[in-house]
2 protein chains.
Amino acid sequence: MTAETAAAEPEGEAIGPAPAPGSRRPGGRTARTRAAVRDAVLTGLAEHGYPGLTVEYVAEHSGVHKTTLYRRWGDLEGMLVDALDLAGDDGWTPPDTGTLEGDLRALAHEVTEAFSDAALAAAPTAFIASAFQSQRAADALHAFYAERFGRCEGVVRRAAERGEVPVDTNAGAVVRAVSAPLFMRLFITREPIDARIADQSAAAALAAARAGAFRTHTAATASDAPDSTN
Amino acid sequence: MTAETAAAEPEGEAIGPAPAPGSRRPGGRTARTRAAVRDAVLTGLAEHGYPGLTVEYVAEHSGVHKTTLYRRWGDLEGMLVDALDLAGDDGWTPPDTGTLEGDLRALAHEVTEAFSDAALAAAPTAFIASAFQSQRAADALHAFYAERFGRCEGVVRRAAERGEVPVDTNAGAVVRAVSAPLFMRLFITREPIDARIADQSAAAALAAARAGAFRTHTAATASDAPDSTN
């Protein structure tokens, strides 16, 4: 997206001030404008973080005029929310290695590698930070991860079909358990993560799933989980 | 601490601009001043969050003069770091219910209850948020949680002595696994937590520990964990 294409865009294509998370629009100029704004928001977040991001920055780096930005997105928060919404459109699919162990390890390593690369980590980190300051950003982050973990659940459902875990395993809880120690170390306890920690997270989630700790049809306590001799 | 005691405090008691995390000072006026500043920082964080906290607020609510604040703590970041350092001095001890299951569940419920109470949650949440904007706050948060989880490790060591988990279980990893899904839901995926989620976190960590997923003397992969028929 360049300043020229932005300038050429018909005014009549205005799509409202605050696109709802989850809404999808057809391609063409509107989609290109939206992508250019998304790219500028991501670059700005990576460079300056949420408190440092400005509408001026987004205008300059997207080539979209400030008046257009305000008219379509309402405010910076609207641009942030829409960028996070678009980030969910990346076509990412979870691993399918043939075993639950392989899939959970691959998921853990993806998180670890993404957040170990400062350039890749900057924008997601800024999104997470922005949720502390903006309820709309928090809602968008919630929607993003709900959809993302929803896609991951297939990993656990396939494992249940193969008989690797109980059929009533809460798939969402298993895939969250893989990422949780990694996210906690990154953003709460501020501890490093590496391949060993990733393996440990995956191994723990797998062992707990196998032992029935994530079953939905029993109370979620260890006493109710199947005995380890079963 | 009132304005009068602050005013009466001898100037000669200055203790340097930026107390190092982990340093401890004897009681008396200096300790009372420090506690008053800590209380004002916590109240300010709870009311306004980190971006909204000001030296003026801390001065007003602690009764300590701004010049004294700047001389002793250097800046607002120094006050934040020292408040977090003092928060580690709370004498908290982990549960000792007699079983690992009971202890892990009690830990999970403590986290859930603390963060379900908006008044209790406000200051810790602001500390976590501040670490996104301040490296010194991130370092202090790291030190706080390292010490806190260090205290929790006794729970796992006692369980190993009772034969509930392998003797080479990584105690730090187990106690982190209990809290991680709760912290991730609170601050990353922005999902609610409740007693059921707390029970599930504890049950999963327990099952994984029993299955050997947190053993230190074997590679941390599920394949290396003892078979579930053991």
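The values are calculated or read from the model by the stated rules, or taken from the named source; none is laboratory data. Just so we're clear, the structure is a prediction, and the values are computed from it rather than from any experiment. Cβ atoms come from the backbone with ideal geometry, glycine included; neighbour counts cover every protein chain shown. In case anyone asks, the SASA skips ligands and DNA or RNA and just uses the protein heavy atoms, side chains included. Shrake-Rupley method; radii C 1.70, N 1.55, O 1.52, S 1.80 Å.
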Practice item. Determine one quarter of the surface area of the Cα convex hull of the range B:41-183, which equals its mean projected area, and express it in nm² to one decimal. Key: 9.2
Practice item. Determine, from the Cβ-Cβ distance of B:THR93 and B:VAL167 and an R0 of 25 Å, the FRET efficiency 1/(1 + (r/R0)^6), rounded to the nearest 0.05. Key: 0.60
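What does the buried accessible surface come to for A and B, summed over both chains, with the probe at 1.4 Å? Round to 100 Å².
Numbers: alone 11570 and 11580 Å², together 19230 Å².
Its buried surface, counting both partners, is about 3900 Å².
For B:ARG196 and A:GLN135, what is the calculated FRET efficiency with R₀ set at 35 Å and r taken between the beta-carbons, to the nearest 0.05?
Values: r = 25 Å, r/R0 = 0.71.
Given R0 = 35 Å and the Cβ-Cβ separation, E is 0.90.
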Practice item. Please give the direction-averaged projected area of the C-alpha convex hull for the range A:85-138, in square nanometres with one decimal. Key: 4.7
Review point. Short version: which residues of the range B:153-176 lose at least 40 Å² of accessible area, all chains versus chain alone, 1.4 Å probe?
Key: B:ARG176
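May I ask you to give the percent of accessible area on the range A:89-194 that is carbon plus sulfur, with a probe radius of 1.4 Å?
Values: 2250 of 4080 Å².
The nonpolar share, carbon plus sulfur, comes to 55 percent.
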Revision key, fill the gap. log10 I(q)/I(0) for the range B:45-102, Debye formula on C-alpha points only (no solvent), q = 0.23, 0.30 Å⁻¹, two decimals, reads -0.96, -1.25
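Which value, in Å², gives the accessible area per residue of the range B:152-222 when a 1.4 Å probe is used on the protein heavy atoms?
32
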